[in-house]
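The values are calculated or read from the model by the stated rules, or taken from the named source; none is laboratory data. The shown structure was predicted, so the numbers you read here are calculated from the model rather than taken from an experiment. Every residue, glycine as well, gets a Cβ built from its backbone with ideal geometry; the counts of neighbours run over all protein chains shown.
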């Protein structure tokens, strides 16, 4: 028997059902994004997501059959939102207007999140820890976002400009990802000022227009216990690449061709490992700042030398520094302590910038905001190792540093 055709009265009911389905699915995605930001994709559970939206676990599985499907949907939502913002920015006529629009859109979204009018983005730090077809699809989405960001500066007509635009795109994106970490210290009515001051740093850089890039990097010391240093280096690389939950103890041990027992010889638990990696990284940054300050010279030269030293570590084999990827895997107390350590690093940058402004060796920028932009730059440089490996190391350091030191529209580094 053929089913009777739907009557016009059925349509509103179907549409209402579709709206309810989408609303519930969106609520699940928002809750899952919060869980991912707090615990990482692998630490997220259906039970936790269900609790956040007032459902039972079975109801969540009606929308997403597997936890991996839910995490992938959250990542895809973030990538799609970024792509929409970038496409809107790309419609403007000049690079400066495009970058300004993108920053404005990010800030507007963060303001809506703060007011409870929009769900948070799921951070993309665990994206590389996905596997199989899902990983391929998500990485293709990330590549599209990156290439669109690079186009904000137009089509490059030389290899040098392609390299420079790539560095700018990466630093711009990473500053957007880092913003929620430090923006919480500002009242929402201050967001327009933050946007203006951040855009000032991105546009004009920190250096005066007459300054040149001539850093004097310092040599950092190594851990006094070589075996422990090797273990922390291997762990840092894997956590940077795969996130806290993706970098299992077994994978770290396999990287060094040792047993899991060797891990527990050095550290009592995995959280202890991440804390030790952060301690190692923070100490390297602080050591670079101390050594450069002890040598003296203008504060512009000091800042350039610290940045050059740390970028060389991030691009080199004896690095890297642990990035914020691991924060979502830590307990709130430990995470807050690590953010506090990062803020001390930023305040030292801010002090150097303030002194540079006072002595006339740097532009009059907002030191606190410029410092956080520098933290984002040094934090994210690890991801650009392959890019840096296509050119002499000093050239890679100069191009990447120029994005903030001289601004995103100064082409002297591409000359």
- [ ] Evaluate the following for residue 358: is it more than 18 Å from the chain's Cα centre (by Cα), under 25 Å from residue 36 (Cβ atoms) and without any contact (Cβ under 8 Å) to a residue 40 or more places away in the chain?
- [x] no
Task: Selection within region 191-222 - part of a helix (DSSP H, G or I) and in contact with a helix residue (DSSP H, G or I) (Cβ under 9 Å, 6 or more places away or on another chain) - done: 191, 192, 194, 195, 197, 198, 199, 200, 201, 202, 203
Open item on the list: Among the numbered criteria (1) at pLDDT below 95; (2) in a helix (DSSP H, G or I), which one does residue 116 miss?
Closed with: (2)
- [ ] Identify, from the list 295, 228, the residue that is surrounded by fewer than 16 Cβ atoms within 10 Å (Cβ to Cβ), at pLDDT 75 or above and over 21 Å from the mean Cα position of the chain (by Cα).
- [x] 295
Task: Cβ-Cβ under 6 Å pairs, at least 6 apart or on other chains, region 183-195 side without any contact (Cβ under 8 Å) to a residue 40 or more places away in the chain, far side in a helix (DSSP H, G or I) and surrounded by 12 or more Cβ atoms within 10 Å (Cβ to Cβ) - done: 186/194
TODO: Among the candidates 141, 132, single out the residue that is loosely packed, with under 14 Cβ neighbours inside 10 Å and either touching a strand residue (DSSP E or B) at 6+ places or on another chain (Cβ under 9 Å) or more than 21 Å from residue 92 (Cβ to Cβ) (or both).
DONE: 132
Task: Unique residue being under 19 Å from the mean Cα position of the chain (by Cα), under 23 Å from residue 38 (Cα atoms) and part of a loop (DSSP other than H, G, I, E, B) when the list is 110, 138, 124, 82 - done: 124
Task: Test: residue 311 is more than 17 Å from residue 184 (Cα to Cα) and either assigned to a helix (DSSP H, G or I) or not assigned by TED's automatic domain parsing to the domain that holds residue 232 (or both) - done: yes
Task: Lone qualifier among 18, 94, 57 - being in contact with a helix residue (DSSP H, G or I) (Cβ under 8 Å, 6 or more places away or on another chain), more than 21 Å from residue 174 (Cα to Cα) and without any contact (Cβ under 8 Å) to a residue 40 or more places away in the chain - done: 57
- [ ] Determine whether region 381-390 contains at least one residue that is in a helix (DSSP H, G or I) and without any contact (Cβ under 8 Å) to a residue 24 or more places away in the chain.
- [x] yes
- [ ] Restrict the check to region 95-104 and report whether at least one residue is modelled with pLDDT of 90 or more and farther than 23 Å from residue 405 by Cα.
- [x] no
